[in-house]
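Below you'll find the structure, written out as structure tokens, and then a few comments.
The values are calculated or read from the model by the stated rules, or taken from the named source; none is laboratory data. Just so we're clear, the structure is a prediction, and the values are computed from it rather than from any experiment. With ideal geometry, Cβ positions are generated from the backbone for all residues, glycine too; neighbour counts draw on all protein chains shown. Accessible surface is based on the protein model in full, side chains and every heavy atom, while ligands, DNA and RNA are left aside. Shrake-Rupley method; radii C 1.70, N 1.55, O 1.52, S 1.80 Å.
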Amino acid sequence: MSHIKIEKLNVSYGNHQVLKNISLDIPDRQIVAIIGPSGCGKTTLLKSMNRLLDLNEEVVTTGDIMVDGASIYHNGMDVTSLRKKIGFIPQRPYPLPMSVFDNVAFGPRIHGLNGGRPEKNDDGHLKSKSKTNMSLLVERYLRLAGLWDEVKDRLHEPAVKLSIGQQQRLALARVLSIEPEVILADEPTSALDPVSAKLVEAQFKVLKENYTIIIVTHILRQARRLADYIVFLYLGDMVEHKPAAEFFARPEDEKTKAYISGEIS
Ligand SMILES: Nc1ncnc2c1ncn2[C@@H]1O[C@H](COP(=O)(O)OP(=O)(O)O)[C@@H](O)[C@H]1O
Ligand SMILES: [Mg+2]
């Protein structure tokens, strides 16, 4: 299980500092919710954990993040293997323009993880069982994402035909298919209707037995329902972080109290 430890992290976009001296030990195999008002730095903090901020040239990062004791910001860090270990689900699903089946099989195929890797018989011919192995893998990840029953008869339809709630669970299946240890999810239910949102939440509760899940949400009710641990950001500062039950029952900081009571949002 990968362990994430954030050490004195500062992040700026140009000269606008959006994360200020964040140090945080992420608890393993729990659902950690990063909460706070819009613009307080939640997405930035989430993306810093698998180096997705690198895609923006303006970003300046100081401090460090350790994954399994190794700095992810040092030169020579293998970003591809980092992103394989720490999967990211964006706010809106972007299915690949291919079938449901191929969306899930895509990652295992490129990472060569797969049951689908061509296996050869002694005579050099491909074994036909390799295809079956990939089918089993696709089924496994769709089940883990809570989507199998809804799509098992539509596997070869284009993924874009699924409802947005199904597409978001497909995004989860795709992340799971890379066999990550940590799942980062940025407001994963914000584009979904309430019923689909509940399905995604339910799936996270199942998955936390085996994965560390870090979710960004600005919905306090969702954090209450889902989170084991809360990280509260306000204007780039980490104001308070603790187990969720304690956070809601005994907030210490005045800003936390104001946020929980709805005085600031
Ligand atoms: N790519 C970017 N370039 C410049 N500023 C950005 C960029 N992304 C976010 N910001 C700014 O950084 C701050 C934090 O943004 P973000 O991490 O997206 O907050 P949240 O997810 O909490 O809404 C905001 O003031 C936002 O405008
Ligand atoms: Mg955000």
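Under a Gaussian network description of the chain, with springs only between Cα atoms under 10 Å, the residue in Asp68, Asp28, Asp102 that fluctuates furthest is Asp68. Percent of Cα pairs in the chain per distance bin of 5 Å, from zero to the largest separation: 1, 6, 12, 16, 17, 15, 13, 9, 5, 3, 1, 1, 0, 0, 0. Compared with the alpha-carbon gap, the fully stretched path from Leu96 to Asp68 is longer by 6.9 nm at 0.36 nm per residue. Under a model in which nothing but the beta-carbon of Lys, Arg (+1) and Asp, Glu (-1) is charged, the range 180-265 shows a dipole of about 320 debye around its Cα centre. Note on Arg250 and Arg29: their simple-model spin labels are 2.6 nm apart, each label 7 Å out from Cα toward Cβ. Per residue, how many Å² of accessible area does the chain show with a 1.4 Å probe? Roughly 48 Å² per residue, with all protein chains present. May I ask you to derive the FRET efficiency for Ala258 and Glu179 from their Cβ-Cβ distance with R0 = 41 Å, giving the value to the nearest 0.05? Between Ala258 and Glu179 the formula returns 0.50. Near Asn103: Cβ cut-off under 13 Å, other residues only, Lys/Arg at +1 and Asp/Glu at -1. The net charge is +3. Anyone know which of Gln17, Gln167, Gln30 comes out most mobile in the 10 Å Cα GNM of the chain? In the Gaussian network model the winner is Gln17. Once the Cβ-Cβ distance of Leu235 and Val206 is raised to the sixth power relative to R0 = 25 Å, the FRET efficiency obtained is 0.10. Assuming charge only on the beta carbon of Lys and Arg (+1) and of Asp and Glu (-1), the dipole of the range 4-261 about its Cα centre is about 560 debye to the nearest 20. For the chain, excluding the exposed loop sites themselves (GluC sites (Glu not before Pro), DSSP loop, at most 16 other Cβ atoms within 10 Å), the longest remaining stretch covers 120-208.
For Leu136 and Val60, the difference between the fully extended length at 0.36 nm per residue and the C-alpha to C-alpha distance is 23.0 nm. Per-residue extension of 0.36 nm, minus the Cα-Cα distance of Lys152 and Ser81, leaves a gain of 22.5 nm for this segment.
In the chain, taking the dipole from charged Cβ atoms about the Cα centre, the farthest positive-side position among Ala244, Met98, Asn10 is held by Met98. Note on the range 19-88: dipole from Cβ charges, positive end direction compared against Tyr73, Leu46, Asn56; the farthest Cα belongs to Leu46. Structural descriptor for the chain: relative contact order 28 percent, calculated from alpha carbon pairs under 8 angstrom and at least 6 residues apart.
Helical content alone sets the calculated 222 nm signal of the chain at -10000 deg cm²/dmol, taking -39,500 (n - 2.57) per DSSP H segment of four or more residues and averaging over every residue.
Accessible area per residue (1.4 Å probe, heavy atoms of protein chains only) ranks Val239, Val100, Val206 as Val206, Val239, Val100, with the largest value leading.
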